[in-house]
Amino acid sequence: MTKSIWIKHAAQLATLTSEIKGPRSKEAMSELGLIEDGSLWIENGLIQAVGTTKEIEERYAEKLHTADVVDASNHLVTPGLVDPHTHVVYGGSREREFEMRLEGATYMDIMNAGGGIHATTRMTREATEEELIEQTTHRLDSFLAHGVTTVEGKSGYGMNLETELKQLRVMKKLQEKHAIDIVPTFMGAHAVPPEFKEKEDEFVDYLIDEMLPVVAKEQLAEFNDVFCEKGVFTPEQSDRILEAGKRFGFTPKIHADEIAPYGGAELAAKAGAISAEHLLKASDEGIRAMAKAGTIACLLPATALYLREEAAAGRKMIDAGVAVAISTDCNPGSSPTTSMPLVMNLACILMRLTPAEALTAATYNAACAINRQEKVGSLEVGKQADIVLWNVKNYQELQYLFGVNHVKSVWKKGVQVVS
Ligand code: NIG
Ligand code: FE
């Protein structure tokens, strides 16, 4: 048995508990379950008790001397952040494209000329599993250093069976090796690879007949994602891919309406996707359909900033009853960052989320977007002790002092991984 941990005197403990079970929208996104002079008792990697310092002190009076004590006076304490959308496993990097875009090329110009996702696909196909593990480990370390204790990870830089499997196996190995939790998503439909140029439907057949069954058999992913975008996969092709995935037990996700309005939000609602991602150009009808279907909007304001596009209508979506989560979209093209704190700041600045909503979007709702709300995303008895101690005293200050990493300490399953 490991030593107990007693965190005491937190200036503000944001537990993120609520009466509402499942993804939160509207007013529920502002319920942070705040406790002043808050305290946590942790044993065997799990949260055993949550309350005020006085309550925990009384309840564990006999055992206090046996615990590692953390004095959180003057500090905010929150659940570990959850990043529900990343492309964290990839080979190489694309800094030259950053310059090209500043010189006037668009994201789609670069991709259509064989760069973008195609460039990373070439580099990922060439990389060995060991090289991918090494590169990805650095990024996961950086996530932890920014207070992120759970990430989703997508394949999609293979677009052939061999490399898609390689990416997913890298995630599986890192799940065993690295402190962070990685939740895997199959995204073979990230683009149409050059060998299928102008034979998009044949690629869709290949993905459905040759890739999905193997990924399912090897149990390498929980979700199935598709880039539904003008010039990539049509809503009809996307629908086929998601429906086929469902037959293999994969829950649908969808990159929707990122670059152009294309009916992606509507499709997400219709397909019963757990979440729709990006949504910069989502229609009002699509937003209404998502609210009705309970589809989570996973919004990526760092991507909008990086592509110099107007961010998604986060405020409008919350007001319309859509549960909003936020994410880095960590990838080598449209958002090369691991900073969820920056993403929370940008959610406030660019999408007019309140500081409280941004924290919910980066914790509890983010956990819901990857079906991990029973384990992480809030500080409740029985959940994993994934905890961040911040160098600020309240949640408003966390969002107000922007672009800075305020992390002081991080615990993952009760083990201190950042100090
Ligand atoms: O979510 N939009 C598609 N996929 C990624 C970008 C991938 C890349 O550029 O390598 C995204 O933005
Ligand atoms: Fe993405």
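On a per residue basis, the chain carries 39 Å² of accessible surface, using protein heavy atoms and a 1.4 Å probe. Taking Cα centroids, how far is segment 20-92 from segment 218-235 in Å? Going from one Cα centre to the other spans 34 Å. In a fully extended conformation the segment linking Lys316 and Ile349 would gain 10.5 nm over its present Cα-Cα distance, using 0.36 nm per residue. Taking Asp83, Asp319 and ordering them by how much accessible surface each has at a 1.4 Å probe, largest first, produces Asp319, Asp83. Pick from His146, His406, His85: which is most flexible by mean-square fluctuation in a GNM of the chain where alpha carbon atoms under 10 Å apart are linked? Looking only at His146, His406, His85, the biggest GNM fluctuation is shown by His406.
Comparing Ala276, Ala367, Ala216 in a Gaussian network model of the chain (Cα springs below 10 Å), the most mobile by mean-square fluctuation is Ala216.
Peptide packing: for 341-353, 190-202, the average count of neighbouring Cβ atoms within 10 Å per residue gives the ranking 341-353, 190-202, highest mean first. Each residue was assigned an accessible area with a 1.4 Å probe, and for Ile5 the value is about 10 Å². Orientation-averaged projection of the chain equals 18.7 nm² [convex hull of Cα atoms, one quarter of hull surface area].
Over segment 1-51, the reciprocal of the mean inverse Cα-Cα separation, the Kirkwood hydrodynamic radius, stands at 12.3 Å. Ellipticity at 222 nm from helices only: DSSP H runs of n ≥ 4 in the chain, each -39500 (n - 2.57), divided by the residue count, give -10500 deg cm²/dmol. Tilt of helix 284-293 relative to the longest C-alpha principal axis of the chain, in degrees (0 to 90, nearest 10)? Around 60 degrees separate the two axes. Note on Lys253: lysines with a C-alpha under 16 Å away, same-chain residues under 8 apart excluded, are Lys154, Lys270. For the set Arg169, Arg308, solvent exposure ranked by accessible area (probe 1.4 Å, protein chains only) runs largest to smallest as Arg308, Arg169.
The Cβ shell under 10 Å around Ala67 holds other residues with a net charge of +1, Lys and Arg each +1, Asp and Glu each -1. Per atom type, the chain shows carbon and sulfur on 50% of its accessible surface, probed at 1.4 Å. As a rough guide to protection, the peptides 94-101, 149-156 ranked by mean Cβ packing within 10 Å, highest first, stand as 149-156, 94-101. By the Cα gyration tensor, segment 187-241 has an equivalent ellipsoid whose semi-axes, rounded to whole angstrom, run 19, 12, 9 from largest to smallest. Relative to the globular-protein estimate of 2.2 N^0.38 Å, the Cα radius of gyration of segment 153-291 stands at 1.02.
The values are calculated or read from the model by the stated rules, or taken from the named source; none is laboratory data. Note that the structure is predicted; figures quoted are calculated from it, not measured. Here the Cβ is made from the backbone with ideal geometry for all residues, glycine too, and neighbour counts use every protein chain on show. Heavy atoms of the whole protein, side chains included, go into the accessibility calculation; ligands, DNA and RNA do not. Shrake-Rupley method; radii C 1.70, N 1.55, O 1.52, S 1.80 Å.
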